[in-house]
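**Student:** Take a look at the following structure, please.
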Amino acid sequence: MAMSMCSTQAWNILHHFPLKSPNNPVSLPFYKTHSDFSPLSTFPHLNNNSTPTHLSFKAASSSSSSSFSVGSAEYTEETATKEKFQRSLSLPGCSTSLSLLGTGYREKVFAIIGVKVYAAGLYVNPSILSTLSTWKGQSASEIQENSALFSSIFQAPLEKSLQIVLVRDIDGKTFWDALDDAISPRIKTATPVDESALSTFRSIFQGRSLKKGTLIFLTWLNPSKMLVCVSSDGIPSSVDATIESENVTSALFDVFFGDAPVSPSLKNSAANGLATILK
């Protein structure tokens with residue numbers, strides 16, 4: 001079986017994201033990652049002589065993503081998975097609409113076949129940009145290698161949200177186990193507050209079947225408070241749980257945007273977006 005081919009160490013990191021097919025559960029440990037969101041044409045109203053305080057998403061299509069409108073909503077399509085991300089989102093608990101900064105996706109190369117797992121997009125409160133003037137003029141590679149910038153984004157008391165779109169069925173417990181395997185090592189000594197937060201986080205996914213197309217939103221309101229929303233029917237209108245532990249919320253942010261992100265493509269795309277708007 002596939003599991004017998006995987007080392008225990010490989011199983012215990014999030015690079016595995018175990019997957020489940022309808023007829024045969026398969027654990028898939030190692031992912032190839034890609035970025036499919038080009039930010040270069042998404043900010044036509046920026047003034048290069050000042051730090052922008054808002055994002056504008058009247059974007060033209062790029063070679064790696066396509067844009068279109070449905071009603072009054074504008075979207076960017078992540079071309080590898082064909083998943084669509086609204087360029088501006090209003091989410092429960094947020095004081096203002098959040099703007100799309102970058103997207104990416106992950107896939108498992110199993111034998112010679114690539115199996116896509118999820119698409120993801122990072123949204124931010126546009127006001128966050130006014131706190132990043134220190135990094136004005138830096139290239140995408142400089143931004144990506146500088147953990148202080150992403151730490152500054154996390155520490156800002158302004159909303160940022162990660163949207164995950166599942167592109168295949170995953171058992172809820174399996175999803176949580178993978179997430180927990182990434183979060184827990186990043187918490188040196190868990191306090192009772194941390195344990196309570198992790199228990200709350202776990203309860204969202206236990207016994208839950210996460211079908212293809214399920215949306216999971218992880219929304220950081222401030223460094224110590226995060227909202228979790230899960231929806232199988234479009235953008236959620238309510239919150240499933242509130243996580244109140246800075247150790248847990250910061251560990252989760254580090255999972256995706258720290259020095260060793262589980263999805264390098266997503267961080268790279270966000271870095272490109274930041275380089276564009278801060279140049």
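**Student:** What residue, of Val193, Val239, Val248, is in contact with a Phe, Trp or Tyr (Cβ under 8 Å, 6 or more places away or on another chain) and closer than 26 Å to Ser95 by Cβ? Step through it out loud before you land on a result.
**Tutor:** On the way: Val193 fails: in contact with a Phe, Trp or Tyr (Cβ under 8 Å, 6 or more places away or on another chain); Val239 fails: in contact with a Phe, Trp or Tyr (Cβ under 8 Å, 6 or more places away or on another chain).
Testing whether each residue is in contact with a Phe, Trp or Tyr (Cβ under 8 Å, 6 or more places away or on another chain) and closer than 26 Å to Ser95 by Cβ leaves just Val248.
**Student:** Hey, another quick one. Give me a count of the residues in the stretch 241-266 that are crowded, with 19+ Cβ neighbours inside 10 Å and free of Cβ contacts under 8 Å to residues at least 60 places away in the same chain.
**Tutor:** Count: 4.
**Student:** Another question about this same structure. Scan the stretch 70-91 and report the pairs whose first residue is of a type in the set (D, E, K, R) and open to solvent by 40 Å² or more (accessible area, probe 1.4 Å) and whose second residue is assigned to a loop (DSSP other than H, G, I, E, B) and at pLDDT below 90, with Cβ atoms within less than 7 Å and a gap of 6+ or a chain change.
**Tutor:** What qualifies is Glu74/Phe57.
**Student:** Does Ser209 satisfy being within 30 Å of Gly137 (Cβ to Cβ) and of a type in the set (Ser, Thr, Tyr)? Explain how you work it out, then say what you get.
**Tutor:** Working: within 30 Å of Gly137 (Cβ to Cβ): no; of a type in the set (Ser, Thr, Tyr): yes.
The answer is no for Ser209.
**Student:** Pull out all pairs, ordered by first then second residue, where Cβ-Cβ is under 9 Å, the residues are six or more apart or on different chains, the first lies in the stretch 267-279 and is of a type in the set (Lys, Arg) and at pLDDT 90 or above, and the second is buried (at least 21 other Cβ atoms within 10 Å of the Cβ) and assigned to a helix (DSSP H, G or I).
**Tutor:** So the pair list comes out as Lys267/Gln144; Lys267/Phe150; Lys267/Phe256; Lys267/Phe257.
**Student:** Does Ser161 qualify as being within 30 Å of Ser133 (Cβ to Cβ) and surrounded by fewer than 15 Cβ atoms within 10 Å (Cβ to Cβ)?
**Tutor:** On the way: within 30 Å of Ser133 (Cβ to Cβ): yes; surrounded by fewer than 15 Cβ atoms within 10 Å (Cβ to Cβ): no.
Answer is no for this residue.
**Student:** Sticking with this one: Can you name the number of the only condition in (1) modelled with pLDDT under 90; (2) within 17 Å of Phe217 (Cα to Cα); (3) among the small types (Gly, Ala, Ser) that Gly114 fails?
**Tutor:** Result: Gly114 fails condition (2) only.
**Student:** Answer with yes or no whether Thr103 is in contact with a strand residue (DSSP E or B) (Cβ under 8 Å, 6 or more places away or on another chain), of a type outside the set (Phe, Trp, Tyr) and buried (at least 22 other Cβ atoms within 10 Å of the Cβ). Break it down into steps so the answer makes sense when it comes.
**Tutor:** Numbers: in contact with a strand residue (DSSP E or B) (Cβ under 8 Å, 6 or more places away or on another chain): yes; of a type outside the set (Phe, Trp, Tyr): yes; buried (at least 22 other Cβ atoms within 10 Å of the Cβ): yes.
Here the answer is yes, as Thr103 does meet what is asked.
**Student:** Out of (1) open to solvent by less than 20 Å² (accessible area, probe 1.4 Å); (2) out of contact with any helix residue (DSSP H, G or I) (no Cβ under 8 Å at 6 or more places or on another chain), what's the single condition that is false for Pro192?
**Tutor:** (1)
**Student:** Could you run through the stretch 216-238 and say how many residues are surrounded by fewer than 16 Cβ atoms within 10 Å (Cβ to Cβ) and either assigned to a loop (DSSP other than H, G, I, E, B) or β-branched (Val, Ile, Thr) (or both)?
**Tutor:** Here the count works out to 7.
**Student:** Across the stretch 230-276, what is the total count of residues that are of a type in the set (D, E, K, R) and over 22 Å from Ser203 (Cα atoms)?
**Tutor:** Residues of the stretch 230-276 of a type in the set (D, E, K, R): 233, 240, 244, 246, 254, 259, 267.
Those left that are additionally over 22 Å from Ser203 (Cα atoms): 259, 267.
The total comes to 2.
**Student:** Hey, another quick one. Which of the residues belonging to the stretch 239-258 are closer than 21 Å to Leu210 by Cα and either assigned to a loop (DSSP other than H, G, I, E, B) or modelled with pLDDT of 95 or more (or both)?
**Tutor:** Once the filter is applied, which keeps residues that are closer than 21 Å to Leu210 by Cα and either assigned to a loop (DSSP other than H, G, I, E, B) or modelled with pLDDT of 95 or more (or both), the stretch 239-258 yields Val239, Asp240, Ala241, Thr242, Ile243, Leu252.
The values are calculated or read from the model by the stated rules, or taken from the named source; none is laboratory data. Bear in mind that the values here come from a model prediction, so they are computed numbers and not experimental data. In this analysis, Cβ positions are derived from the backbone assuming ideal geometry, glycine residues included, and neighbour counts consider all displayed protein chains. With ligands, DNA and RNA removed, areas are computed over all heavy atoms of the protein, side chains included. Shrake-Rupley method; radii C 1.70, N 1.55, O 1.52, S 1.80 Å.
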